[in-house]
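Each remark here refers to the structure printed beneath this line.
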Amino acid sequence: MSSSEDPRQAQLRRMKAIALAMLLAMVAGFVTSHVMGNQGVWAWVSAFCEAATVGALADWFAVVALFRHPLGLPIPHTAIVPRSKSRIADSLAAFVRDHFLEPQTLLARLEVFDPAQRLGQWLSRPEQSRKLAGMARGWALQALDLLDERAVRERIREFVVARLQAWDASATAGEVLGVLTADGRHQALLDEALRRLGRYLDSEDIKQRASDLLVKHARREWPRLVGTVDWVKPVEGIADSLAERIAHALLDELNEVLLQPDHPLRRDYEQWLQAYVQRLREDPEVGARVERIKQDLIGHASVQEYVAGLWDHIHTALRSDLEREDGVLASHLDSSLAGLGAALGRDPELREAINQHVMGGAEKLALRLRGGVTDYIAQTVKGWDERHLVRELELGVGRDLQYIRYNGTLVGGLIGLLLHAVIVLLEG
């Protein structure tokens, strides 16, 4: 037997050989009993073998007639399976439709199955949630490998640039400044700026730099006076004193602004800021200016390079995380699945909601599949080669059909003995 041969084929051949051997044995017994005179015990052997031969031949004919014409003769009502292929296909399709895809039958089985409770029990086991998270991780890695990175990179660039092009930067800036000015936040910002400026002006380094600038300016503007008048107070001292006075004056002014909520500088700042926010929102000229700045930024080579490289950063981060069993995504998915299992175990309303969704989806799926699957099964069976159909059916049920031949031989023989006994009793 070839290593690729279906083992059912060898078994069917063996059983057919046994049935044939039984038939030949009955024929041999019938012939032998007649040669021996058909008297005494041979009469009983003859009756058994004769009836057994008839039973074996009848059942052989019946079994063979299912699949082909006996002895190749076109006897009517034989080769039933090949002749009825279309009817068998339609009947098989209708059987599957009515017993497996009938919505009410399917829903009744699902309702007893209680999918949500079983899912919760399955997910509540840590090894199952980890296993499912690992499978999802593998699927995600495969999906990353299948992606056309060049196309994805271009789509991301087009998407980001399109969103930036559609972005009304002027209105957004106006809204942001509007939020910043709400509840006096802009005054707090001004206070902080003034405090920083005060610390800056009170620094000795700044005072010295201001003094140096004054000296430099005096020597440039009045070189003879500074260089020739000996009795004039040294210019450096004057500059230091003037720088100190200027710093103190500025600091005093800053303190006044900080201490007076209604200081004119604050009012001017308030009016200017509110007017600018209004212009950002409504002035077309300001909006056009902001739009030009935005377009220059979008077209800048560094921005374009950054946008084009977004996918590389995303891809690298995703792959690095997915390749680790303790990655952020895997851990989050694992904990989410375990949490779902625990929630399903303790929340009957959640289970009921999920079951309702499953039932509704199953009903819609069954209704969609009924016609399609029925037609598919019917067309597939009708498209089979007749010899292939006969072979598959014979391999599937041929073993049981050979038992019919065995039983026909034995039962026929027993009937022959019974009839012979009746004849003997009647003659006696």
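For the reader, a short list of remarks on this structure follows.
- Listed by chain and number, the aspartates and glutamates whose C-alpha is less than 14 Å from the C-alpha of Lys16, apart from same-chain residues fewer than 8 away, are Asp59, Glu394, Asp400.
- Theoretical FRET efficiency, 1/(1+(r/R0)^6), r = Cβ-Cβ of Asp6 and Gln39, R0 41 Å, to 0.05: 0.25
- Within the stretch 301-318, backbone nitrogen closer than 16 Å to the virtual label 7 Å beyond the Cα of Leu144 toward Cβ: 310-318
- With the simple spin-label model, which puts each label point 7 Å out from Cα in the Cβ direction, the Tyr406 to Glu363 separation comes to 5.1 nm.
- Shown here are the Rg and Dmax of the Cα trace of the stretch 93-181, at 25.7, 74 Å.
- Over the stretch 1-125, accessible surface divided per residue gives 61 Å², non-protein components excluded, 1.4 Å probe.
- Taking all protein chains together, Tyr403, Tyr269, Tyr376 sort by accessible area into Tyr376, Tyr403, Tyr269, largest first [probe 1.4 Å].
- With θ taken as phi - 60° and the Karplus curve 6.51 cos²θ - 1.76 cosθ + 1.60 applied, the whole-hertz 3J(HN,Hα) list for the stretch 115-129 is x, 5, 5, 5, 5, x, 5, 5, 6, 5, 7, x, 5, 6, 5 Hz, x standing for glycine and proline.
- Per-residue HN-Hα couplings for the stretch 270-283 [Karplus 6.51, -1.76, 1.60; θ = phi - 60°; Hz; x = Gly/Pro]: 4, 5, 4, 5, 5, 5, 5, 4, 5, 5, 4, 7, 10, 7
- Overall form of the stretch 379-419 per C-alpha gyration tensor (a/c, 1.5; a/b vs b/c): prolate
- Take the Kirkwood radius over Cα pairs of the stretch 334-428, plug it into Stokes-Einstein at 37 °C and 0.692 mPa s, and you get 161 µm²/s for translational diffusion.
- Contact order, relative form, for the stretch 3-125: 12 percent (alpha carbon pairs under 8 Å, 6 or more residues apart, mean separation divided by residue count).
- Förster radius 41 Å - calculated FRET efficiency between Val303 and Gln271, Cβ distance, rounded to 0.05: 0.70
- Between Val411, Ala378, Leu395, the Cα set farthest toward the positive side of the dipole of the stretch 370-428 (charges on each charged residue's Cβ, about the Cα centre) is that of Ala378.
- The stretch 150-165 - phi-based ³J(HN,Hα) in whole Hz, Karplus 6.51/-1.76/1.60, Gly and Pro as x: 4, 5, 4, 4, 5, 5, 5, 4, 4, 5, 5, 5, 4, 5, 5, 5
The values are calculated or read from the model by the stated rules, or taken from the named source; none is laboratory data. No experiment lies behind these values; they were computed from the predicted model shown. Here the Cβ is made from the backbone with ideal geometry for all residues, glycine too, and neighbour counts use every protein chain on show. Please note that ligands, DNA and RNA were not included when accessible areas were found on the heavy atoms of the full protein model with its side chains. Shrake-Rupley method; radii C 1.70, N 1.55, O 1.52, S 1.80 Å.
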